[in-house]
Amino acid sequence: MNEVTARREVVAARGIKVTFGAVKALDGADLVIHAGECVGLVGHNGAGKSTIVNVINGGLTPHAGEITHAGKGGQHGISAARASGIRCVFQELSLCPNLTVTENARIMHAELAGWNWRTKARALVERKLQDIFPGHRIDCDSTVDDLSIAERQMVEIAISFAGLHEKPKLVILDEPTSSLDAGLAAQLMAYIRRFVGEGGSVLLISHILGEILSTSDRIVVMKDGRVVADRAAPEFSSRSLVEAMGNVVREQEWLRSPGKRGGAPVLSTPPRRGHGLAFEAHRGEMVGLAGLGGHGQTETLLDLYLSRNGNWWPAREKEISFVAGDRGLNGTFPLWSILKNLSIASLRNLSSNSIVDRGREASLGNGWKKRIEIRTPDMENHILSLSGGNQQKVLFARALATTARIVLMDDPMRGVDVGTKQEVYEILRAEAAGGRTFIWYSTEMDEIRLCDRVYVFREGAIVAELVGDEITEQNVLEASFAGGEAA
């Protein structure tokens with residue numbers, strides 16, 4: 001990246017103010033992005049990151065402030081942003097699920113015209129997928145609805161970076177690795193560095209601070225709708241980033257409890273597909289599911305859930321709660337309020353004579369709002385009024401608010417800020433100490449290391465069991481690729 005390229009503005013937002021009723025989403029925020037740089041954008045959930053992204057990409061008109069493209073003001077909106085070479089990969093993916101990958105590419109790239117547009121679109125996406133994620137196995141003729149959430153994220157990233165005649169000038173990535181395993185995330189970070197090295201620009205939003213620190217040239221920290229820090233990436237450390245966001249750094253990890261396997265397991269299944277290791281979880285344990293994404297972890301969670309619940313009629317006494325990983329598809333009820341989304345799993349305990357006690361329901365909601373810090377002025381607001389991370393908090397609170405003694409979690413911390421994660425980890429440990437059992441699939445190694453035991457998956461089966469100090473990134477990766485069994 002040379003100095004001339006670095007000083008050329010791609011887009012600039014200065015003095016931006018946006019309010020939603022009494023809430024100041026942005027309060028005079030400034031964000032300038034130059035050609036040939038990767039800017040990391042961090043902040044707690046509700047800090048204003050998604051709002052300023054929507055201003056830059058033209059989806060939201062600010063109430064005050066100025067937006068310029070390449071140093072020129074005037075037009076604003078989605079069309080103006082796209083004409084200026086700005087693309088955006090949203091945390092809540094925007095692909096049309098009933099269309100194929102190729103057809104989605106045609107929607108995003110109007111220049112794919114003519115009688116053979118389908119052939120050109122397929123080639124464009126396949127080429128970019130291979131460029132960013134070499135070795136992928138995505139069929140571009142597949143319907144998006146048939147893809148895993150990781151594959152959908154890969155497709156949207158590839159479509160956004162692709163260009164038929166010219167490459168985009170700026171690609172905004174909002175939590176782009178939230179559904180990707182460590183290998184795919186590393187491939188994406190490597191591609192970002194290549195793209196920036198060739199003069200492109202990236203705005204990278206992530207709660208995985210290691211990605212921000214290793215990939216960004218400059219880091220911008222937001223808090224309560226304002227930019228509170230804007231410095232070169234080497235000037236930050238993980239500690240200083242967390243502190244700039246307004247959180248307290250906690251040095252101590254959980255103390256694992258290796259002696260919790262006494263007695264009969266509370267949940268168990270035989271070896272999947274007839275080979276590998278059997279699964280079992282004991283009272284008060286935190287059991288992690290690890291390995292490369294898409295190798296049977298989510299399917300195992302579903303099998304465990306259905307082993308105690310009917311597919312159509314719920315059990316009378318709730319034994320298991322489930323925190324979904326894809327909140328847009330099978331987590332939130334988008335037309336309902338925040339409170340209704342939280343309380344839906346606890347209605348039996350909030351009812352008398354089949355009538356919901358609204359006072360008890362409101363008390364439940366307000367209690368969890370404070371405990372897990374759901375950032376909203378009113379729990380009666382629609383769930384979609386929340387940022388993605390705050391929506392995830394609601395799903396997490398929904399599961400913990402029940403009386404279920406077993407909680408299944410399918411990558412539940414996607415898009416949740418580091419401060420909230422630390423608080424949730426403490427809640428989990430307290431609940432586990434009280435006898436609750438957690439079975440936790442996560443794509444983040446930092447979370448896997450917090451578990452008492454870890455099962456590593458490969459090709460749909462459990463190939464290794466790691467206990468205590470054996471739970472390291474090296475051991476997980478070795479088992480993921482070698483596929484050797486371990487007792």
- Take the residues in segment 429-449 that are of a type in the set (A, V, I, L, M) and surrounded by 22 or more Cβ atoms within 10 Å (Cβ to Cβ), then tell me which one is modelled with the lowest pLDDT. Ile448
- Checked pairs for segment 265-291, first without any contact (Cβ under 8 Å) to a residue 12 or more places away in the chain, second of a type in the set (A, V, I, L, M, F, W, C), C-beta under 8 Å and 6 or more apart or across chains, list as Pro270/Ala278
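Restricting to strands (runs of 3 or more DSSP E) lying wholly in segment 136-244: which have 2 or more residues that are surrounded by fewer than 20 Cβ atoms within 10 Å (Cβ to Cβ), over 20 Å from the mean Cα position of the chain (by Cα) and of a type outside the set (Lys, Arg)?
On the way: elements: 170-174, 201-205, 218-223, 226-232.
Of the strands (runs of 3 or more DSSP E) lying wholly inside segment 136-244, those with at least 2 residues that are surrounded by fewer than 20 Cβ atoms within 10 Å (Cβ to Cβ), over 20 Å from the mean Cα position of the chain (by Cα) and of a type outside the set (Lys, Arg) span 226-232.
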- Within segment 319-333, can you find the residues that are in a helix (DSSP H, G or I) and farther than 17 Å from Val424 by Cβ? Gly328, Leu329, Asn330
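In the list Asp181, Asp230, Asp224, which residue meets the criterion of being over 27 Å from Gly58 (Cβ atoms) and not assigned by TED's automatic domain parsing to the domain that holds Gly419?
Every option except Asp181 fails the conditions.
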- Task: Answer yes or no as to whether Ala64 is assigned by TED's automatic domain parsing to the domain that holds Lys169, surrounded by fewer than 22 Cβ atoms within 10 Å (Cβ to Cβ) and within 24 Å of Lys167 (Cα to Cα).
- Result: no
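Within 30 Å of His282 (Cβ to Cβ) and of a type in the set (A, V, I, L, M, F, W, C): does that describe Ala362?
Taking the combined requirement at face value, the residue does not satisfy it.
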- Which one of these does Gly389 not meet: (1) exposed (fewer than 15 other Cβ atoms within 10 Å of the Cβ); (2) out of contact with any Leu (no Cβ under 9 Å at 6 or more places or on another chain)? (1)
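Report yes if Ala81 is surrounded by 15 or more Cβ atoms within 10 Å (Cβ to Cβ) and aliphatic (A, V, I, L, M), otherwise no.
Yes: the conditions hold for Ala81.
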- Exclusive hit being in the same structural domain as Ser201 (by TED's automatic domain parsing), farther than 26 Å from Asp30 by Cα, among the aliphatic types (A, V, I, L, M) and touching a residue at least 12 places away in the same chain (Cβ under 8 Å), set Ala110, Ala121, Ala81: Ala121
- If you go through segment 19-76 one residue at a time, how many are within 26 Å of the chain's Cα centre (by Cα), under 30 Å from Gly197 (Cβ atoms) and among the charged types (D, E, K, R)? 3
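This table checks each residue for (1) more than 23 Å from Leu302 (Cβ to Cβ); (2) touching a Cys at 6+ places or on another chain (Cβ under 9 Å); (3) of a type in the set (D, E, K, R); (4) at pLDDT below 90.
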position: Asn366; (1), (2), (3), (4): yes, no, no, no
position: Lys370; (1), (2), (3), (4): yes, no, yes, yes
position: Thr376; (1), (2), (3), (4): yes, no, no, yes
position: Leu384; (1), (2), (3), (4): yes, no, no, yes
position: Ser387; (1), (2), (3), (4): yes, no, no, yes
position: Asn390; (1), (2), (3), (4): yes, no, no, yes
position: Ile406; (1), (2), (3), (4): no, no, no, no
position: Asp410; (1), (2), (3), (4): no, no, yes, yes
- Expected single match for under 24 Å from the mean Cα position of the chain (by Cα), over 22 Å from Thr332 (Cα atoms) and crowded, with 23+ Cβ neighbours inside 10 Å among Val394, Val456 is Val456
- Task: Report yes if Gly296 is at pLDDT below 90 and either closer than 22 Å to Glu431 by Cα or under 27 Å from the mean Cα position of the chain (by Cα) (or both), otherwise no.
- Result: yes
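The values are calculated or read from the model by the stated rules, or taken from the named source; none is laboratory data. It should be emphasised that the depicted structure is a prediction, and the values quoted were computed from it without experimental measurement. No Cβ is skipped: glycine too gets one built from the backbone with ideal geometry, and neighbour counts run over all protein chains shown.
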